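Below is one structure, written out as structure tokens; the observations come after it.
Every number in this text was worked out from the coordinates using simple rules, so none of it is lab data. Everything numeric here is computed off the predicted structure, so don't read it as measured data. Because the Cβ atoms are built from the backbone with ideal geometry, glycine has one as well, and the counts that use them run over all protein chains shown.
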Amino acid sequence: MDQKVVEDIIKLSQNENNFGPSPMALKAVMENCDQMNRYPEPHSKTLKEEFSDHLGVLSENIFVCAGLVESLDIMIRNFIAKGENLIIPEITFVAYKLLAKVFDVETRFSEMKDYGIDIDSIIENCDEKTKLIIIANPNNPTGTIVPETDLIRLMETVPKSTYVVADEAYCEYVNRVDFPNTMKLLQRYPNLIMLRTFSKIYGLAGLRIGFAVAHEDIIEKLEYFQAPFTVSQVASIAAAAAIKDHKFIEKSFKNNLEAKSVLERELSHMGYKVVPSQSNFIYIHFKTQEERDGVCNLLSDKNVLVRKTDHFGDDKAFRITVPRPQNCQKVIAALSHYQSVQS
């Protein structure tokens, strides 16, 4: 592909931080790159202590993983026995259902309500054989959240033997006051598991690192099933610095909020069905798959890459990462052009 074309591409398909990696993480990696010949610590002992200080929880309650997919892989593969089941929303992060299919796990799909996760539907699908419930909060790809009152209602209702996973990969972008204080809820519910990642707002998607916070018994199980040395030395160095980079997080949050507000407002005015988002992406739904594909094709022709949501559970929508403010008008102009062609 022509270099000029590559440079002109606006990649809005994978919800990466368009401002790049945390500068503090980048600096730490550059200053410690001579350690690449060393194997990383088993179970990231030092990094767990760093996280412990930052989060205010014991290191025994923290599991460090090579991206959240590793922790999800371990739980779906090892926590659910034959005859038991998994519950996930019908429109959600594609990795959940893919891993369940790989490991031949019975999967029950809860319904959505106004593009949000329906807690009542999860409760209706749950029985004594339900071992794992996974909730992306904010939900990917719809950008909606499960409020704290609903999460508490779920925890109070499901069997104590059922693990509830709150995948909070995008939580740093949330600005709603009713978002769950999951860290605090972990103290009340020993079957609750919180997942966080460095792939999104911290800008470290290429290094593959995240962590879980849960009861010590759960952490012991996760570490037992974890293969040796999955979290690299470089990723550990970057994460330890990134979690302290408050200035970069604030900048990323503020710019995302401003650009998202502009994009949501303008697209809604143009007649697009936009679901209000609490994340760094926007979910746009169409009446037909043909209309959706037409918009995606036009965006692709203008070098704007977005993500169709067929594999997420909806073949009439696409998800678009919120661009940098300077690219907002390019995206708006492209979508406006489609509307003018159709009218």
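Descending by average beta-carbon neighbour count within 10 Å, the peptides 296-304, 214-222, 164-172 line up as 164-172, 214-222, 296-304, the highest first.
Please give, to one decimal in nm, the separation of the simple spin-label points placed at residue 160 and residue 35, each 7 Å out from Cα toward the Cβ. Output for this residue pair reads 4.1 nm. Check the straight Cα-Cα distances from residue 160 and name the lysines below 23 Å, setting aside those fewer than 8 residues away within the same chain. Qualifying lysines at Cα under 23 Å: 82, 129, 131, 184, 221.
Spatial offset of the stretch 245-315 relative to the stretch 167-244 amounts to 25 Å, using the alpha carbon center of each. Helix screen, the chain: no DSSP H segment has Cα axial length of 24 Å or more and mean Kyte-Doolittle hydropathy at least 0.0.
I want to make sure I understand the PRE zone here: with the label point 7 angstrom from the Cα of residue 90 toward its beta carbon, which residues in the stretch 300-335 have backbone N atoms less than 12 Å away? Those under the cut-off are 313-315. Assuming charge only on the beta carbon of Lys and Arg (+1) and of Asp and Glu (-1), the dipole of the chain about its Cα centre is about 660 debye to the nearest 20. Length gained on full extension, residue 244 to residue 291: 12.5 nm, using 0.36 nm per residue less the C-alpha separation. By DSSP, the beta bridges lying fully in the chain are antiparallel in about 50 percent of cases. Assuming a ≥ b ≥ c are the square roots of the Cα gyration tensor eigenvalues, decide whether the chain counts as rounded (a/c under 1.5), prolate (otherwise, with a/b larger than b/c) or oblate. Oblate, because a/c is 1.5 or more while a/b does not exceed b/c.
The residues packed around residue 136, meaning those with a beta-carbon under 9 Å from its beta-carbon, carry a net charge of -2 if Lys and Arg are +1 and Asp and Glu are -1.
A straight chain from residue 262 to residue 45 at 0.36 nm per residue would run longer than the Cα-Cα distance by 73.8 nm.
Charge tally for residue 87 (other residues, Cβ to Cβ under 12 Å; Lys, Arg +1; Asp, Glu -1): -3.
Could you tell me which of rounded, prolate or oblate describes the stretch 131-244, using a ≥ b ≥ c as the square roots of the eigenvalues of the alpha-carbon gyration tensor, with rounded for a/c under 1.5 and, failing that, prolate when a/b is larger than b/c and oblate otherwise?
Oblate, because a/c is 1.5 or more while a/b does not exceed b/c.
In summary, the aspartates and glutamates within cross-link reach of residue 244, defined as a Cα separation below 20 angstrom excluding same-chain residues under 8 places away, comprise 16, 31, 49, 50, 53, 168, 172.
For residue 254 and residue 104, calculate 0.36 nm times their separation in residues minus their Cα-Cα distance, and state this gained length in nm to one decimal.
Full extension from residue 254 to residue 104 adds 49.8 nm.
Quick check on the stretch 4-145: take the gyration tensor over C-alpha atoms, sort the square-rooted eigenvalues as a ≥ b ≥ c, and tell me if it's rounded (a/c under 1.5), prolate or oblate. Oblate shape, in that a/c is at least 1.5 and b/c is the bigger or equal ratio. Taking 31 Å as the limit for the C-alpha separation, the pairs 48/273; 113/254; 101/316; 48/251; 48/260; 45/308 exceed it in the case of 48/273; 48/260; 45/308. Kindly state, to the nearest 0.05, the FRET efficiency for residue 216 paired with residue 123, given R0 = 30 Å and r defined as their beta-carbon distance. Here the calculated transfer efficiency is 0.65. Placing unit charges on each Cβ (+1 for Lys and Arg, -1 for Asp and Glu) gives the chain a dipole about its Cα centre, and among 25, 270, 311 the Cα reaching farthest toward its positive end belongs to 270. Fewest-first ordering of 277, 268, 44 by other beta carbons within 10 Å of each residue's beta carbon gives 268, 277, 44. Using just its DSSP H runs of length 4 or more, each adding -39500 (n - 2.57), the chain gives a mean residue ellipticity at 222 nm of -12500 deg cm²/dmol after division by all residues. Farthest towards the positive end of the charge dipole of the chain, among the residues 202, 228, 215, is the Cα of 202, using unit charges on the Cβ of Lys, Arg, Asp and Glu.
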